[in-house]
Amino acid sequence: MNTINKTKLPPGPKTKIPLGHLFPFQRDSLGFLKRIADEHGDIVHFKVGPIRVVLLNHPDYIKEVLSTQNSNFVKGRPLKMAKELIGEGLLTSEGEFHKRQSRIIQPAFHRKMLESYAPAMTDCTVSLMNGWEDGTQVDMFEEMIRMSTAISGKTLFNVDTEQETPEINQALKDVMSLFGRISLPFSEWLFKLPLRSTRKFYNAKARLDETINRIIAERRQSKIEHEDLLSLLLDAQDSAGGMSDQQIRDEALTLFLTAFDTTSIALTWTWYLLSQNPAAETKLHEELDQVLQGRIPTVEDLPQLKYTRMVLGESMRIYPPIYLITRQAVEDFEIGPYLVPADTIVLMSPYLIHHDARFHQNPETFDPDTWEEHAQRISSKYEYFPFSRGPRACIGEPYAWLEGVLVLATIAQSWRLKLVPGHPVELLQLINLRPKHGMMMELERRKR
């Protein structure tokens, strides 16, 4: 049995540079984390400037932080920058306030409500496809963002945001381009400086606020009753001890951004992986032809679309929407044979775990059948966690699965997507894993 070592930290890379490992971590966080895990093991300590960081690279240790000892961890310092954008939404809030907000918002993601979103999801997808022509080239990343933005606006707020999508997308790009600062020591002080990038951030924030505030104002003036997320937020404001205007804005913006951003990225990588794996693509088409026979999918079809779900699940194993999860220790905590000090930043990477041969056979190979076998194992809970786990897992996970499967089925039964020859495919490591150069693909209408 391991004994707790209270006298020294876990092993890790050394450096004499004042900023520690800041620059290699910023340049390629996944490459850096994999390298130090290979060299030092599953519990690794390193410094980013004055900040103490510990990487956990085993499902058992990750479970300790996300579930067993979760009350000892907060989002803390790593999300200071996110709060600049989305305030005290579900993504950034803590403690009892977070629990209260979760209880208010949870009904928007109950099964009955989710099922009511399905027609809007497929309608927006069909609208996107109506603008496609056989043989043309499109950036599927941009197309998926445009479609998912429309879906989020319609399902969560019952509004049409299609005309605003280019501006919303540009604002999101401007915000995301600055999220590399999240790992900088004293990053909160950078917002006090008159930098061009800081002005760009706040201009983008103002543009997103304009959209959300307009949606809220229009709903308040409307006499029509709706059953959606925005109605839940406004009803909560009217109740005793309800939400303030600022809280409604924070929650609405948080869920709007995460709903379309996560799904659009997951689907983009799915189209890429299918284009590189013709056997899986053929099997997907066979299922869709057999189940749907040319009609638009509905929630009633979901139990029969098993391989479609497996394709999406395997895509999120290879390219998880959340590739790096951070927590900050409130008090000293035991992990393995070590006692780690309070205030330490803890890093956990679904990407590294998903690509670890100890937990996934042939981890670099796209194989939906293998994903299905693995997902059925009880032990897989912390070996596959694209939406995190524990009490702070993504509340919108069922929504993302529903949208992902319906969109995948709707498009793939009518179109085959081929990567444009020579198009570079690289990871852009921001808050999530984006394709650095977009995803240029050629549209080919399927002939059944």
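The values are calculated or read from the model by the stated rules, or taken from the named source; none is laboratory data. All values reported here derive from a predicted model rather than from experimental measurement. As a convention, Cβ positions derive from the backbone with ideal geometry for all residues, glycine included, and neighbour counts pool all protein chains shown.
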(request) Give the residue, chosen from Pro50, Pro59, that is at pLDDT below 95 and farther than 21 Å from Ile431 by Cβ. (result) Pro50
(message) For segment 399-418, give me the residue count where each residue is surrounded by 22 or more Cβ atoms within 10 Å (Cβ to Cβ), of a type outside the set (A, V, I, L, M, F, W, C) and under 22 Å from Asp134 (Cα atoms).
(response) 2
(request) State whether the residues of segment 209-219 include one that is surrounded by 14 or more Cβ atoms within 10 Å (Cβ to Cβ), modelled with pLDDT of 85 or more, touching a helix residue (DSSP H, G or I) at 6+ places or on another chain (Cβ under 7 Å) and more than 18 Å from Thr165 (Cβ to Cβ). (result) yes
(request) Please verify whether segment 313-330 includes one or more residues that are more than 30 Å from Ile51 (Cα to Cα) and of a type in the set (Ser, Thr, Tyr). (result) yes
(request) Would you confirm whether any residue within segment 422-439 is part of a strand (DSSP E or B) and touching a Lys or Arg at 6+ places or on another chain (Cβ under 7 Å)? (result) yes
(request) Would you please name the residue that is modelled with the lowest pLDDT, looking only at residues in segment 169-182 that are assigned to a helix (DSSP H, G or I) and hydrophobic (A, V, I, L, M, F, W, C)? (result) Ile182
(message) Can you report the number of residues in segment 11-33 which are out of contact with any Ser or Thr (no Cβ under 9 Å at 6 or more places or on another chain), touching a residue at least 12 places away in the same chain (Cβ under 8 Å) and either assigned to a strand (DSSP E or B) or under 18 Å from Leu430 (Cβ atoms) (or both)?
(response) 2
(request) Say whether the condition of being closer than 18 Å to Thr258 by Cα and out of contact with any Asp or Glu (no Cβ under 9 Å at 6 or more places or on another chain) is met by at least one residue in segment 359-366. (result) no
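Please specify each residue of segment 220-231 satisfying the condition of being in contact with a helix residue (DSSP H, G or I) (Cβ under 8 Å, 6 or more places away or on another chain) and either farther than 26 Å from Asn169 by Cα or of a type in the set (Gly, Ala, Ser) (or both). Outline the logic, then answer.
The initial filter retains those residues of segment 220-231 that are in contact with a helix residue (DSSP H, G or I) (Cβ under 8 Å, 6 or more places away or on another chain), namely 220, 225-231.
Glu225, His226, Glu227, Ser231 - these are the residues of segment 220-231 that are in contact with a helix residue (DSSP H, G or I) (Cβ under 8 Å, 6 or more places away or on another chain) and either farther than 26 Å from Asn169 by Cα or of a type in the set (Gly, Ala, Ser) (or both).
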(request) Would you please name the residue that is modelled with the highest pLDDT, looking only at residues in segment 229-246 that are more than 23 Å from Glu164 (Cβ to Cβ) and among the polar types (S, T, N, Q)? (result) Ser244
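Can you tell me which residues in segment 241-256 are part of a helix (DSSP H, G or I) and either touching a Leu at 6+ places or on another chain (Cβ under 7 Å) or small (Gly, Ala, Ser) (or both)? Can you show your working first?
Looking only at segment 241-256, we keep the residues that are part of a helix (DSSP H, G or I), and these are 245-256.
Residues satisfying the conditions are Ile248, Glu251, Ala252, Leu253, Thr254, Leu255, Phe256.
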(message) So in segment 276-334, with the set limited to residues that are without any contact (Cβ under 8 Å) to a residue 12 or more places away in the chain and acidic (Asp, Glu), which one is surrounded by the fewest Cβ atoms within 10 Å (Cβ to Cβ)?
(response) Glu300
(message) Regarding segment 155-168, can at least one residue be identified that is at pLDDT 75 or above, under 26 Å from Trp401 (Cβ atoms) and loosely packed, with under 15 Cβ neighbours inside 10 Å?
(response) yes
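Looking at Thr268, Thr262, which one is touching a Phe, Trp or Tyr at 6+ places or on another chain (Cβ under 6 Å) and part of a helix (DSSP H, G or I)?
Numbers: Thr262 fails: touching a Phe, Trp or Tyr at 6+ places or on another chain (Cβ under 6 Å).
Unique residue meeting the criteria: Thr268.
Report whether or not Ser349 is under 20 Å from the mean Cα position of the chain (by Cα), closer than 23 Å to Tyr319 by Cβ, surrounded by fewer than 21 Cβ atoms within 10 Å (Cβ to Cβ) and among the hydroxyl-bearing types (Ser, Thr, Tyr). First the steps, then the outcome.
Values: under 20 Å from the mean Cα position of the chain (by Cα): yes; closer than 23 Å to Tyr319 by Cβ: yes; surrounded by fewer than 21 Cβ atoms within 10 Å (Cβ to Cβ): no; among the hydroxyl-bearing types (Ser, Thr, Tyr): yes.
Judged against the criteria, Ser349 is not a match.
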